[in-house]
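Participant: Below is the structure I would like to discuss, written out as structure tokens.
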Amino acid sequence: MLELKALSKTYKTGDRALSDISFSVPAGQVVGLIGPSGAGKSSLIRCINRLVEPTAGSVCLGETELTTLNGRALRQARRRIGMIFQEYALVERLTVMENVLSGRLSYVSSWRSFLRRFPQADIDQAFSLLNRVGLGDHCNKRADELSGGQRQRVGIARALEQNPELLLADEPTASLDPKTSRQIMRLIQSVCREMNLPAIINIHDVVLAQNFTDRIIGLRAGKVVFDGLPSTLSHEALTRIYGAEDWGQMQQANEPQDDDVLLDNTLNSSLNSSLDSSPMLVSS
Amino acid sequence: MSGSVVYLILAINSVEVDWFRVYEGLERGWRFIQGFLTPDFSSRWQDIQIGLIESLTMTLTSTVAGVLVSVPIGIGAARNLAPAPVYMFCRSIITLSRSFQEIIIAILLVSMFGFGPFAGFLTLTFASIGFLSKLLAEDIEDCDSAQIDAIRASGARWWQVVNYAVQPQVMPRLIGLSLYRLDINFRESSVIGIVGAGGVGATLNTAIDRYEYDSAGAILIIIIAIVLVVEYSSSYIRRWVQ
């Protein structure tokens, strides 16, 4: 379980990215974090694993208070948090396998990782995760040989290789086509269900967020302005988050996808059927 | 504006042109070209061979030593990896190394360690450090920060971040730069010989001093040939590394 208390971040330039953010995420809950560009979504996610230093407030993962950690303790806390990036952030010139194994770096010595001598258990886990995300045959390819969707699957496998207690995703679908975006979101949602893993997914696409998350948090100018079930995200709430816009039109524009949405909902209710029907999810 | 034109005219007038010496120089130049066209590889071959071996040894050893020292300094001089004090220290080493031309360093080192290739080796190593560390540091700073963040976010140690996120990104360029520096070092090794730092430059200098332009021509042709070979093989290796 993750708990944020009065988290604030002010950048050196004086930009107040986050002010007084408090919420908690119970185990297994997938949270969609939405808001306009510059609302502080990225800062919020990065304050949790301290890629960005929060200015005030606290972040607790289980019993650990993350904001005060340093050095070794910080590294050991970071490995409990898996992160999925926009544009994948794979190390392009390493193989798929090396990328996935880099999730275990904090568990092995620098020397062993330099020689690429990871424990067999780590390698077995990497193979089974790659099979789980449907890339079992690609482990010796270089990361830059893969397509966008495949790369993001490797990104997911790398995050899961850490055996995380929390998953953070920073716009995981930003550079993917609509179909691949849905597949990636479905994959993240289903692994979170399987592992009872809480996740915070920072996402621009409101419809995608509504379809694949259990809870939506709306951020505007560094403040939480909406927190509720995806089904309660009304036009009024969207206006609060993004400002005035003809929100009915957006949902109409998505109507042709409605069948797909329905299909998704039924699939999500049962993990197995979702595995069977989407060709890229090979059950391991 | 008109002031600078007046200055330019005065300045040109102050350059004394001795037309007789120009004539003599042209004649010597012509003899030089003739010598170049009829190169004599055989009569001074012993000296040429010794000079070449010295030059090539200097080139290779100084490049290897330069790369070995440059990697830690380059990492230390990259703002995104090194803390501020280390950064300042490494940057000042680079600035020091880059502020002097090879010839000046060679003159200094020859007067410290005497004539011969050891001074040349030190000169080229010193110059290589400035060149390679600076370009390596800039390359590290240009690395995709998302890849570095991703490895850091997994809880990796600093060494592991360097090994997994930075090294794969800069390795091809580091190899390319090292080969380019090998090329430069060979050319420099023939120049610094003139101030006494050994190598084929010293042989060339002796040949010119003795008015043996045919031997000098032979040495120049050999230098050009070696530069071409290094150039082609390094571009081939660089393609292969990509």
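Read-outs throughout are calculated quantities, based only on the coordinates presented, and are distinct from any laboratory measurement. Computed from a predicted structure; not experimentally measured. Every residue, glycine among them, receives a Cβ derived from its backbone with ideal geometry; neighbour counts consider all protein chains shown.
Participant: Using only the Cα atoms of chain B, construct the convex hull and provide its projected area averaged over every direction, in square nanometres to one decimal.
Facilitator: 19.5
Participant: Compute the signed sum of charges (Lys and Arg +1, Asp and Glu -1) over the other residues within less than 12 Å, Cβ to Cβ, of B:THR59. Display every interim value, and only then the final one.
Facilitator: Working: positive: B:ARG181, B:ARG187; negative: B:GLU54, B:ASP183, B:GLU188.
That works out to -1.
Participant: Tell me whether chain A comes out rounded, prolate or oblate; compute the Cα gyration tensor, take square roots of the eigenvalues as a ≥ b ≥ c, and use a/c under 1.5 as the rounded threshold.
Facilitator: Working: a/c = 1.89, a/b = 1.15, b/c = 1.64.
Oblate, since a/c reaches 1.5 and b/c is not below a/b.
Participant: Still on this structure, I have one more. Treat the count of other C-beta atoms within 10 Å as a stand-in for reagent exposure and order B:ILE219, B:ILE107, B:ILE48 from fewest to most.
Facilitator: Fewest-to-most ranking of B:ILE219, B:ILE107, B:ILE48: B:ILE107, B:ILE48, B:ILE219.
Participant: If one takes the longest principal axis of the Cα atoms in chain B, at what angle in degrees, from 0 to 90 and to the nearest 10, does the Cα axis of helix B:45-76 lie?
Facilitator: Rounded to the nearest ten degrees, it is 30.
Participant: Expressed in nm², what is the orientationally averaged projection area of the convex hull enclosing the Cα positions of the stretch B:36-114?
Facilitator: Values: hull surface 32.7 nm².
With every direction weighted equally, the projected area is 8.2 nm².
Participant: Still on this model: Looking at chain A as a GNM with Cα springs under 10 Å, which of A:LEU18, A:LEU69, A:LEU233 has the largest mean-square fluctuation?
Facilitator: Among A:LEU18, A:LEU69, A:LEU233, the largest mean-square fluctuation in the Gaussian network model of chain A belongs to A:LEU69.
Participant: What Kirkwood hydrodynamic radius, in Å, does the protein assembly as shown give when the mean of 1/r is taken over all pairs of distinct Cα atoms and then inverted?
Facilitator: The answer is 27.7 Å.
Participant: Compute the relative contact order of the stretch B:42-241 as a whole-number percentage, counting only Cα pairs closer than 8 Å that sit 6 or more residues apart in sequence. Could you put the intermediate results ahead of the total?
Facilitator: Working: 249 pairs, mean separation 59.9, N = 200.
With pairs under 8 Å counted, the relative contact order is 30 percent.
Participant: In degrees between 0 and 90, to the nearest 10, how far off the longest principal axis of chain B does helix B:2-14 point, with axes built from Cα atoms?
Facilitator: Helix B:2-14 sits roughly 50 degrees off the main axis of chain B.
Participant: Classify the stretch A:1-151 as rounded, prolate or oblate from the Cα gyration tensor: take a ≥ b ≥ c as the square roots of its eigenvalues, call it rounded if a/c is under 1.5, otherwise prolate when a/b beats b/c and oblate if not.
Facilitator: Taking the square roots of the gyration eigenvalues as a ≥ b ≥ c, the stretch A:1-151 is prolate.
Participant: In deg cm²/dmol and to the nearest 500, what is the mean residue ellipticity at 222 nm of the protein assembly as shown if only DSSP H runs of at least 4 residues count, each as -39500 (n - 2.57), divided by the residue total?
Facilitator: Here the helix-only value at 222 nm equals -18500 deg cm²/dmol.
Participant: Another one. How high is the relative contact order of chain A, in percent, counting Cα pairs under 8 Å that sit 6 or more residues apart? Spell out each step's value before the answer.
Facilitator: Details: 504 pairs, mean separation 71.5, N = 284.
Value for chain A: 25 percent.
Participant: Could you give the angle, 0 to 90 degrees to the nearest 10, between helix B:213-241's Cα long axis and the longest principal axis of the Cα atoms of chain B?
Facilitator: It works out to around 20 degrees.
Participant: What percentages make up the Cα-Cα pair-distance distribution of the stretch A:1-42 when the bins are 5 Å wide from 0?
Facilitator: It works out to 6, 17, 24, 26, 16, 7, 3, 0, in whole percents.
Participant: Could you tell me which residue out of A:VAL52, A:GLY248, A:VAL31 lies farthest along the dipole of chain A toward its positive end? Charges go on the beta carbon: Lys and Arg +1, Asp and Glu -1, centred on the Cα centre.
Facilitator: A:VAL52
Participant: Give me the Kirkwood hydrodynamic radius of the stretch B:99-195, using the inverse of the mean 1/r over all pairs of distinct Cα atoms, in Å to one decimal.
Facilitator: Computed over Cα pairs of the stretch B:99-195, the Kirkwood hydrodynamic radius comes out at 15.3 Å.
Participant: Ok, one more. So, with +1 on the Cβ of K and R and -1 on the Cβ of D and E, and no other charges, what is the size of the charge dipole of chain A about its Cα centre, to the nearest 20 debye?
Facilitator: The calculation lands at about 1360 debye.
Participant: Quick one: what Rg and Dmax do you get for the stretch A:94-163 from the alpha carbons, in Å?
Facilitator: Calculated on Cα positions, Rg and Dmax stand at 11.2, 33 Å.
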